[in-house]
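Before any comments, here is the structure.
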Amino acid sequence: MLIAITREVSPNISQCELTHLDRQPIDLALAQAQHHQYEAALEALGCQLVRLPAEPTLPDSVFVEDTAIVLDEIALLTRPGADSRQAETASIAQALAPYRTVQPIVAPGIVDGGDVLRIGKRLYVGLSSRSNEAAVAQMADLLRPFDYSVQGVQVHGCLHLKSAVTQVSPTMLLVNPVWVDAGLFGDIQVIEVDSEEPHAANALLIGDTVVYPTSYPYTAQRLAQYGIQVQRVDVGELIKAEGAVTCCSLVFTQ
Ligand code: CIR
C-alpha cells in the first residue's frame, strides 16, 4: 500500500518564497483546484491520501516534500533551508509517526527534501541555497546503519536538485544538464529536457507512471517516445510558487 501525505494549499501562498522566479499573481482558487486534481491523480495511481489541513501562517506548506525524507526503514525530518519554512516540520513529524521512526536533522544542518534524490541505496543531496554539507554528514551518519550512502552534488541556477533531475523509470533519469552534471549519477540512462523547457526535469514516478505537468509538452512527448507512461496534471499556479509535482507529496510504502 502506498501512502501519500499532502497538505492543502495555504490561503497565503502568494507570500511564498521565491528564489529564481519573479513574483506573479497566484489565483488561490485555481491553485486549490489544481492541487485537488493532483491528489486525484495520486489516488488513481493507488495512493492512499493523508491530507493535512491548510496552514494559513505557512505560505509554502503545500510543498510537503521539503519537510521529510521517507525511506523504507526510517524517516528523516528535515531542517528546511528557508527560515520561513522551518515551522512546517512539526505537523509532518506527527503525520509520519504512525509509519516510521522519525529522526530530525539539526542545526547547523539545513536540507530541503527537494534536494534529495534517492537512486536505490544512494542519496544525492543538492548543495543548493537550501541544503548544506552539515546536513549531508548528519544524513550519512543516520542512514549508514541501513546501508545508504549519501553524497552532496553541486547544482547551478535552480532551486533544488530535483528541479534539475528526477527518476522517470527504474533505469532512466530526466535531467536538465545546464543545472546539474548528468554524469554524476552512475550508469543510468539520461533523458534530457527539451531546451525550451528548463523547468521540465521535475517528474513524480509512482509505480510505472510519471505524474507530470501539462506545462512542458515537448519534454512530455520525449518521455512518451522513451516508452514512459505519463499522467499529465495542470499545476500551473503551483509552478508560479516555484513548486512542481514532486514537492506536493511525500509518497512511501506503508
Ligand atoms: C520555496 O521556495 O521553498 C517554495 N516556494 C517552493 C518549494 C518547492 N519545493 C520543491 O520543489 N521541493
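The values are calculated or read from the model by the stated rules, or taken from the named source; none is laboratory data. Everything quoted here is computed from the prediction, not taken from an experiment. Heads up, the Cβs are rebuilt from the backbone with ideal geometry, glycines too, and the neighbour counts pull from every protein chain shown.
Can you pull out every residue in the stretch 209-254 that is within 16 Å of the ligand (Cβ to nearest atom) and either part of a helix (DSSP H, G or I) or free of Cβ contacts under 8 Å to residues at least 40 places away in the same chain (or both)?
The answer is Tyr212, Pro213, Ser215, Tyr216, Gly236, Glu237, Leu238, Ile239, Thr246, Cys247, Cys248.
Please enumerate the residues belonging to the stretch 200-236 that are touching a helix residue (DSSP H, G or I) at 6+ places or on another chain (Cβ under 7 Å), β-branched (Val, Ile, Thr) and closer than 13 Å to Leu173 by Cβ.
Val210
What pairs can you find where one residue is in the stretch 150-168 and in contact (Cβ under 8 Å) with a residue 12 or more places away in the chain, the other is aromatic (Phe, Trp, Tyr) and part of a strand (DSSP E or B), and their Cβ atoms are less than 6 Å apart, with a gap of 6+ or different chains?
Note: pairs meeting the criteria are Gln151/Tyr124; Val153/Tyr124.
Which residue out of Gln37, Gln48 is in a strand (DSSP E or B) and either away from the ligand (no atom under 16 Å from the Cβ) or more than 27 Å from Thr253 (Cα to Cα) (or both)?
Going through Gln37, Gln48 in turn, just one is in a strand (DSSP E or B) and either away from the ligand (no atom under 16 Å from the Cβ) or more than 27 Å from Thr253 (Cα to Cα) (or both): Gln48.
Please verify whether the stretch 184-194 includes one or more residues that are modelled with pLDDT of 95 or more and either among the small types (Gly, Ala, Ser) or within 14 Å of the ligand (Cβ to nearest atom) (or both).
No: zero hits.
What number of residues within the stretch 57-95 are surrounded by fewer than 22 Cβ atoms within 10 Å (Cβ to Cβ), more than 26 Å from Met1 (Cβ to Cβ) and more than 9 Å from the ligand (Cβ to nearest atom)?
Of the residues in that region, 5 qualify.
Hey, does the stretch 16-35 have a residue that's under 19 Å from Ser129 (Cβ atoms), acidic (Asp, Glu) and crowded, with 23+ Cβ neighbours inside 10 Å?
There is no residue in the stretch 16-35 that is under 19 Å from Ser129 (Cβ atoms), acidic (Asp, Glu) and crowded, with 23+ Cβ neighbours inside 10 Å.
Step by step: first the residues of the stretch 129-176, then only those that are basic (Lys, Arg) and either closer than 23 Å to Ser249 by Cα or within 15 Å of the ligand (Cβ to nearest atom) (or both), then the one that is surrounded by the most Cβ atoms within 10 Å (Cβ to Cβ). Which residue is that?
Lys162
Out of (1) under 17 Å from Thr6 (Cα atoms); (2) within 16 Å of the ligand (Cβ to nearest atom); (3) buried (at least 18 other Cβ atoms within 10 Å of the Cβ), the odd one out for Asp115 is which?
So Asp115 meets the others, but not (1).
Can you tell me which residue in the stretch 175-194 is farthest from Gln231 (Cα to Cα), limited to those that are touching a Phe, Trp or Tyr at 6+ places or on another chain (Cβ under 9 Å) and not β-branched (Val, Ile, Thr)?
Leu184
Kindly establish whether Leu223 is within 26 Å of Val102 (Cα to Cα) and touching a strand residue (DSSP E or B) at 6+ places or on another chain (Cβ under 8 Å).
Here the answer is no, as Leu223 does not meet what is asked.
Within the set of pairs 6+ apart or on separate chains, which have a first residue in the stretch 64-81 that is more than 20 Å from Gly120 (Cα to Cα), a second that is among the charged types (D, E, K, R) and more than 14 Å from the ligand (Cβ to nearest atom), and C-beta atoms under 9 Å apart?
none
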